[in-house]
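The values are calculated or read from the model by the stated rules, or taken from the named source; none is laboratory data. Please read these numbers as outputs of a predicted model, since none were measured by experiment. Here the Cβ is made from the backbone with ideal geometry for all residues, glycine too, and neighbour counts use every protein chain on show. Only protein heavy atoms, including side chains, enter the accessible area calculation; ligands, DNA and RNA are left aside. Shrake-Rupley method; radii C 1.70, N 1.55, O 1.52, S 1.80 Å.
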Amino acid sequence: MRPLFSETSVVAVRLVIALSFSLAVLFIDTRMAVLEPVRQTVKTLLWPVEKITQAPLDAAAFGSEWMATQASLRTRLTQLALENERLMTEQLKLQTLRAENAELRRLLNVRERINEQLLQAEIQRLSNDPFIHQVTINRGLLAGVRAGQPVLSADGLVGQVLTPYPHAADVLLMTDATHRLPVQLTRTRERGIADGTGRLDRLEMRHLPETVDVVVGDLLETSGLGGRFQAGIPVARVVEIIRSPGQPFVRVLAEPLAPLGRLSLVMVDVVERAP
Amino acid sequence: MSFFLTYVLSLVLMTAPIPETWIAWWPHWGILFALWWGLMRNHRVSMVSMLLVSIPMDVVVGTAFGFHGLLLSVLFYVVTLIGPTVRRVNWLRQLGVVTVVLWLLSAVGYWGRTLIGQEPLLGPLMLQVTLTALAWPLFRALLEGVARMTGDYEVTDT
């Protein structure tokens, strides 16, 4: 007598159950934030594995540091002293500008911006998936990093903290295809949303009206809408404007100011902001 | 051969810090791990174990939970069906079959990625899948070597 369920049909039933489970989890994770504690726990448990993979790089860095000659170190020290002098002069100018800015804001009766508190962090690794623009930094919950905090470089915005762990944090770059950023054109204050394109050198604004005043070379900065990023952080430079006849919207392509593919150090703005 | 050790090995390879320009050329070691166990040691693994190992993969890669579960369960199903035949053929024919299976899997992956809001480009996706398939004979030879060293003689030479 033939068995009611063959071996193949049992595997097929298991497949259907596994697929249903995976799709349900996928839906829950993308639509709700309830699985974040699971992610944090798993990542914390995987910390030793990440340290193992990081070990050769750390050893190489230590080796090259150890091999540096005294002469090269002295040259480097002189360069850094000069750079420090220059930065201190720049800081003096910045203090004057800040005071002027505060005075103008007071005269215009505009609320003072909250000063940022920046925490320096090192990029440990990029996601090895070519379609995910995500990096892991070496500062986490223990250093005050929280989800949603902006991540900056010396040139401009990099992205935002996605998931913090005790000793590290995942940062979603603004060019990731799932990232949306409220921005404005610095010159005209025209607002829009900069979408990640999945390419490290491109952002795209898709829904600007046909009549928008934008030219190649315009700068984009954060608009402050949404409350996640404070207004005025430099984001990107417009490199192409696509106007299609008969279409109500203009597509604007921009290149991020921060060199996202070459970054090694970033800063996390760890000031808590009201949503 | 230890399931756990090969799993840790694949996780180490998946988390290895590699330069941005190399990422598109880096095989998906998690898929190769699942392929080895699904194809060569099918009786020792199950759909549940595939789902369990997919969770840390989602964490290290940065995909939404369930994405690798989707891929590994489809992969396990297919290799369970074709495994008895594919195990016996020579490495070149096996490579051909594995390539086709992984292309099929890339279609599932493409669909899964669109579900989570990504817009994957077909070129890099196919490149990664093809490179993963091409790495299969090497990966298989490596694990077979380890299996022999550890006294695990289940796989016969082809």
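Regarding A:A12, is this residue surrounded by 11 or more Cβ atoms within 10 Å (Cβ to Cβ) and at pLDDT below 80?
Taking the combined requirement at face value, the residue does not satisfy it.
Would the stretch B:122-133 turn up any residue that is more than 28 Å from A:E50 (Cα to Cα) and surrounded by fewer than 18 Cβ atoms within 10 Å (Cβ to Cβ)? Within the stretch B:122-133 (the criterion being more than 28 Å from A:E50 (Cα to Cα) and surrounded by fewer than 18 Cβ atoms within 10 Å (Cβ to Cβ)), the answer is yes, since at least one residue qualifies. Taken over the stretch B:67-85, the residue count meeting the criterion of being open to solvent by 10 Å² or more (accessible area, probe 1.4 Å) and either small (G, A, S) or at pLDDT 90 or above (or both) is 8.
Which one is farthest from A:H179 (Cα to Cα), of the residues in the stretch B:61-91 that are more than 15 Å from the chain's Cα centre (by Cα) and facing chain A (nearest Cβ under 8 Å)? First the steps, then the outcome.
Our first condition is that a residue be more than 15 Å from the chain's Cα centre (by Cα); within the stretch B:61-91, this holds for B:62-66, B:81-82, B:84-91.
Restricting the remaining residues to those that are facing chain A (nearest Cβ under 8 Å) gives B:62-66, B:81.
On the way: B:G62: 14, B:T63: 14, B:A64: 14, B:F65: 18, B:G66: 20, B:L81: 39 Å.
In this case the residue turns out to be B:L81.
Residue-level check: of (1) open to solvent by 100 Å² or more (accessible area, probe 1.4 Å); (2) in contact with a Gly (Cβ under 6 Å, 6 or more places away or on another chain), A:V25 misses just (1).
Of the residues that sit in the stretch A:192-206 and are touching a Pro at 6+ places or on another chain (Cβ under 9 Å) and open to solvent by 10 Å² or more (accessible area, probe 1.4 Å), which one is farthest from the other protein chains (Cβ to nearest Cβ)? First the steps, then the outcome.
Initial filter on the stretch A:192-206 (touching a Pro at 6+ places or on another chain (Cβ under 9 Å)): A:192-194, A:198, A:200-203.
Subset that is open to solvent by 10 Å² or more (accessible area, probe 1.4 Å): A:192-193, A:198, A:200-202.
On the way: A:G192: 19, A:I193: 14, A:G198: 6, A:L200: 7, A:D201: 11, A:R202: 12 Å.
Selected residue: A:G192.
Screening A:R189 on (1) open to solvent by 20 Å² or more (accessible area, probe 1.4 Å); (2) at negative phi; (3) assigned to a loop (DSSP other than H, G, I, E, B); (4) not aliphatic (A, V, I, L, M) shows it passes everything except condition (2).
If you check A:L82, A:L94, A:L118, A:L142 for being under 18 Å from A:S264 (Cβ atoms) and open to solvent by 30 Å² or more (accessible area, probe 1.4 Å), only one passes: A:L118.
Screening the stretch B:24-48 for residues that are closer than 19 Å to B:F67 by Cα and of a type in the set (V, I, T) and picking the one that is surrounded by the most Cβ atoms within 10 Å (Cβ to Cβ) gives B:I31.
Just checking, which of B:G96, B:G112, B:G145 is surrounded by fewer than 21 Cβ atoms within 10 Å (Cβ to Cβ) and more than 18 Å from B:L9 (Cβ to Cβ)? Residue meeting the stated conditions: B:G96. You will find that of B:L52, B:L32, B:L5, B:L9, the residue that is more than 7 Å from chain A (Cβ to nearest Cβ) and closer than 21 Å to A:V10 by Cβ is B:L52 and no other.
Every test in (1) in a helix (DSSP H, G or I); (2) within 30 Å of A:F229 (Cα to Cα); (3) of a type in the set (A, V, I, L, M, F, W, C); (4) open to solvent by 70 Å² or more (accessible area, probe 1.4 Å) is passed by A:V34 save one, and that test is (1).
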